[in-house]
Amino acid sequence: MIRVGFIGFGRMGITHFSILNCHPDVKIVAVCDQSKMLLNVLKKRVAVSVYADMEQMFSEQNLDLVIISTPTGSHSEIARLAVENNCHIFLEKPFSLVPDEGQAVLALLEGQQLVNQVGYVNRFNEVFVEVKRLLTDGVIGDVLSFSSQMYGATVLKDAKSGWRGTTKMGGGCMYEFACHAIDLVVYLVGVPDRVVGSVMQSIFSSGVEDLVTSTFIYANGCSGTIASNWSDETYRKPANIFTVIGTKGKIVADKHEYKIYLKQPDSTNHFHKGWNTRYITEFAEPVRFYVRGNEFTVQLDNVVDCVKNHRLDNVCDFAEALKTDRIIEEIRRDAARSIDTPEEGAKGSPLLARQVGKTSIWEKFRKSGGRKNA
């Protein structure tokens, strides 16, 4: 049995716990969290050891695998501790706030046979896996342009308290939403050569960004955009939308279906000329336990399989996730360059309109009562 411990037991920690708790090859033995009330409830109701000190948990439990679901600002420190304790790691996204810290963790992993994975769950969604195959097989030809979007209604008022309202802890649309849109680009198209035209905009929040847009440029002439808004109340649940245009056609995909337009029929994939639609129910395999989406179970089962069979061929390991961290860093720098405070931009911190004494477009719109003033 694979002995598993949890560090961080919020929404994502509980989700991962419920999925792994019924895995036939897993035994969850410990949970570490800062909430005394939560630990007391677990101690009474669940057959696991509870800890407020993660070092104590590592020293006492002889863990094989640790699931880390803490705010991003603590990821590098906890990952280093896990490596030092010879423990396989599943880490919630993003990998790190500071790419150099993530690189230092990678250096620790050199020569170690430790499975490491970051929770970019879209890489395990059957629709996006299928889109990856179609692009790799050249079904729509060479990629000319793309857009990767993520929208949701996570923040509809100023989250002044808690980690979501603090950049240093990993709060903000960039780390919560835009990272998913960026990682899909890395997974499906690749790392861009340049990042330009980046904007980080406040809508409700006073301390973090609520909206992120940027343009990616590739040396081969391809270009694309990312757009993420976690303050869009028109979405009931977070949604990812990926659109890609090639020399032979176009694909529009979300987590539930994809539509492909082809200039010529493709008999290999049973596509006719024009639009073709494929729903996830046509090709998705059932999972042993469902919560929130098949991909949440598939990603964790992948980690367990890697640990069980000593596999390091992970589609979303720390090295892959570090690519997204570096793009995030460059978007922040690019956004800072567009504001007349270069000394602040050099620090690499998010520069929102409110923070530099300017009024955002959204604030102006609200103050005008939703009307354009002369």
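The values are calculated or read from the model by the stated rules, or taken from the named source; none is laboratory data. Just so it is clear, the model here is predicted, and its values are computed rather than measured. Positions of Cβ are backbone-derived with ideal geometry, glycine not excepted, and every protein chain shown enters the neighbour counts.
Name the residue that is surrounded by the fewest Cβ atoms within 10 Å (Cβ to Cβ), counting only residues in the stretch 171-202 that are in a helix (DSSP H, G or I) and of a type in the set (Val, Ile, Thr).
Val186
For the stretch 288-322, which residues satisfy the criterion of being small (Gly, Ala, Ser) and assigned to a helix (DSSP H, G or I)?
Those that are small (Gly, Ala, Ser) and assigned to a helix (DSSP H, G or I): Ala319, Ala321.
When you go through Ile89, Ile78 one by one, which is the residue that is within 25 Å of Lys168 (Cα to Cα), part of a strand (DSSP E or B) and either outside the structural domain of Phe17 (by TED's automatic domain parsing) or at pLDDT 95 or above (or both)?
Just one listed residue meets the conditions, Ile89.
Just wondering, is there one or more residues in the stretch 203-212 that are out of contact with any Gly (no Cβ under 6 Å at 6 or more places or on another chain), charged (D, E, K, R) and either surrounded by fewer than 24 Cβ atoms within 10 Å (Cβ to Cβ) or closer than 21 Å to Ile339 by Cα (or both)?
Yes, some residue in the stretch 203-212 is out of contact with any Gly (no Cβ under 6 Å at 6 or more places or on another chain), charged (D, E, K, R) and either surrounded by fewer than 24 Cβ atoms within 10 Å (Cβ to Cβ) or closer than 21 Å to Ile339 by Cα (or both).
Inside the stretch 195-206, can you point out the residues that are within 21 Å of the chain's Cα centre (by Cα) and not hydrophobic (A, V, I, L, M, F, W, C)?
Scanning the stretch 195-206 gives Ser198, Gln201, Ser202, Ser205.
Take the residues in the stretch 291-325 that are exposed (fewer than 13 other Cβ atoms within 10 Å of the Cβ) and over 26 Å from Leu134 (Cβ atoms); name whichever of them is nearest to the chain's Cα centre (by Cα).
Leu312
When you check Asp325 against the structure, is it at pLDDT 90 or above, acidic (Asp, Glu), outside the structural domain of Leu97 (by TED's automatic domain parsing) and assigned to a helix (DSSP H, G or I), yes or no?
yes
Give just the number: which of (1) modelled with pLDDT under 95; (2) outside any loop (DSSP other than H, G, I, E, B); (3) assigned by TED's automatic domain parsing to the domain that holds Lys27 does Gly111 not satisfy?
Going through (1) modelled with pLDDT under 95; (2) outside any loop (DSSP other than H, G, I, E, B); (3) assigned by TED's automatic domain parsing to the domain that holds Lys27 one by one, Gly111 breaks only (2).
Filter the stretch 123-170 for residues that are touching a Phe, Trp or Tyr at 6+ places or on another chain (Cβ under 6 Å), in a strand (DSSP E or B) and surrounded by 20 or more Cβ atoms within 10 Å (Cβ to Cβ) and give the result.
Ser148, Met150, Tyr151
Of all residues being under 16 Å from Gly138 (Cα atoms) and under 21 Å from the mean Cα position of the chain (by Cα) in the stretch 239-257, which is surrounded by the most Cβ atoms within 10 Å (Cβ to Cβ)? Just the residue, please.
Only one residue tops the list, namely Val244.
Just checking, does the stretch 20-42 include any residue being among the polar types (S, T, N, Q), assigned by TED's automatic domain parsing to the domain that holds Asp301 and more than 26 Å from the chain's Cα centre (by Cα)?
Among the residues of the stretch 20-42, at least one is among the polar types (S, T, N, Q), assigned by TED's automatic domain parsing to the domain that holds Asp301 and more than 26 Å from the chain's Cα centre (by Cα), which makes the answer yes.
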